[in-house]
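Here the structure comes first, spelled out in structure tokens, and everything after it is commentary.
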Amino acid sequence: MTLTRIKIKLKPASRQYHMIIGNGALNSSAEELAALAPRGVLPVITDETVAELHLPTLETIMAKAGIETRTMILPPGETSKSFAALEQVCDFLLEQGMEREDALAAFGGGVIGDLAGLASALVKRGTRYVQIPTTLLAQVDSSVGGKTAINTKTGKNMIGVFHQPKLVIADTGFLQTLDKRQMRAGYAEILKMSCLADAGLFEQLYEAGSGLLQDGHSELVSVIARSVQGKADIVIEDELERGSRALLNLGHSFAHALESEAPGKILHGEAVAAGIGAAFCLSVELGFCAEYDRDRVLDLLRQMGLPASLAEAKGARFNAKKLLHRMKSDKKNQQGQIHLILCRKIGEAFISSNVPEEQLLEFMEVNLK
Ligand code: GLY
């Protein structure tokens, strides 16, 4: 069994951690995981879907390594990224007598990773945690880089901290039970990575087409690893998103607005796909990017069955003025200016802070038709 190990080389060296990727990664990493549970107990935060499918596997692997798992199971879905759920998770961890050197395991998709990571940062002013992502989206994006968050009325991920995990185990075997819609949603984050910094990865994706997400496709694990390596390089350079890390938000200003307007109706990755399409269309309209690149991106999004524009995003009848209002509270904005990630070409993104609001509104009205 070949596993890929990617080192997230943060400074100082004591904060560095590994991401282990591949089929069977969890079983192969049992000893490393056990070492992060010095009192022989591993609190696990998961959701109902993952618990039903995969909790017995985790429990068996941990029991063999001499570790007792104690599990909290939350309802699936974005509604669990709330203050109420955060309080429940913190109470659960405190009830387990968690100490600062103990780790918890965030076992699930992006929602579980973001929520459990934030609880880990807050309990006793900071404990350790391990990400065991079970969705494609979490394996390629949210489990690596230390972003944790919950949502508020104002929007997505408004309350959170940077808190790096101690280990990330991306066992691609878990993807076998993931439905096609979730796979496509995760793919959108890989496509995003290629569009913003890795034209070679885009070519690989374009060549593989929709076949990449078919069961047992030999290239999927290497594509995941390449995408993660690209993200890791950016996180190492700019952990706290003072500069280049913001590029990882390509498509996300539009996406967060769509998600906030259609809570629970559109998956994060679907909203990101529509946002990438919109970002390329806007980049062309503003004269930054060639139509040829935009058309290839839109073509690939559609081939994959993903929305390629705001109009193609499902979940609500979206309104440009309401989307703009949401975008005004985006975390990237500075001094009241909306910051957008645009592209000069496939593989080269940049931060734009001077698109006039009226022009953005007009653009969205057209892109929604
Ligand atoms: N998902 C974007 C980031 O981790 O910065």
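Among the residues of the range 216-223, is there at least one that is of a type outside the set (D, E) and touching a Lys or Arg at 6+ places or on another chain (Cβ under 9 Å)? For the range 216-223, residues of a type outside the set (D, E) and touching a Lys or Arg at 6+ places or on another chain (Cβ under 9 Å): absent.
The residues listed here are A199, A246, A208, A188; of these, the one that is touching a strand residue (DSSP E or B) at 6+ places or on another chain (Cβ under 7 Å) and of a type in the set (G, A, S) is A246. Residues in the range 176-234 that are touching a residue at least 40 places away in the same chain (Cβ under 8 Å) and among the β-branched types (V, I, T): T177, I190, V221, I224, V228. In the range 232-250, the residue that is farthest from the ligand (Cβ to nearest atom) out of those that are surrounded by 18 or more Cβ atoms within 10 Å (Cβ to Cβ) and outside any loop (DSSP other than H, G, I, E, B) is A232. Scanning the range 191-221 for residues that are assigned to a helix (DSSP H, G or I) and open to solvent by 60 Å² or more (accessible area, probe 1.4 Å) turns up E203, Y206, E207. Checked against (1) over 25 Å from F162 (Cα atoms); (2) within 16 Å of the ligand (Cβ to nearest atom), K265 meets all criteria but (2).
Confirm whether D91 is closer than 20 Å to I234 by Cα and acidic (D, E). No. Out of the residues in the range 142-165 that are under 29 Å from L3 (Cβ atoms) and open to solvent by 20 Å² or more (accessible area, probe 1.4 Å), which is nearest to the ligand (Cβ to nearest atom)? My answer is K147. Answer yes or no: is there a residue in the range 166-185 that is within 15 Å of the ligand (Cβ to nearest atom), over 14 Å from the mean Cα position of the chain (by Cα), buried (at least 16 other Cβ atoms within 10 Å of the Cβ) and not aromatic (F, W, Y). The answer is no; no qualifying residue exists. Taking every residue in the range 286-301 that is under 22 Å from L361 (Cβ atoms) and pairing it with any residue that is of a type outside the set (F, W, Y) and open to solvent by 40 Å² or more (accessible area, probe 1.4 Å), at least 6 positions away or on another chain, the pairs with Cβ-Cβ distances below 7 Å are F288/R344; C289/R344; C289/K345. Between A278, A273, A188, A257, the distinction of being within 21 Å of D330 (Cα to Cα), open to solvent by less than 10 Å² (accessible area, probe 1.4 Å), small (G, A, S) and within 14 Å of the ligand (Cβ to nearest atom) belongs to A188 only.
The values are calculated or read from the model by the stated rules, or taken from the named source; none is laboratory data. None of the values given here were measured: they were computed from a predicted structure. Counting neighbours? That spans all protein chains shown, and the Cβs are built from the backbone with ideal geometry, glycine included. Calculation scope for accessible area: heavy atoms of the full protein, side chains included, ligands and nucleic acids excluded. Shrake-Rupley method; radii C 1.70, N 1.55, O 1.52, S 1.80 Å.
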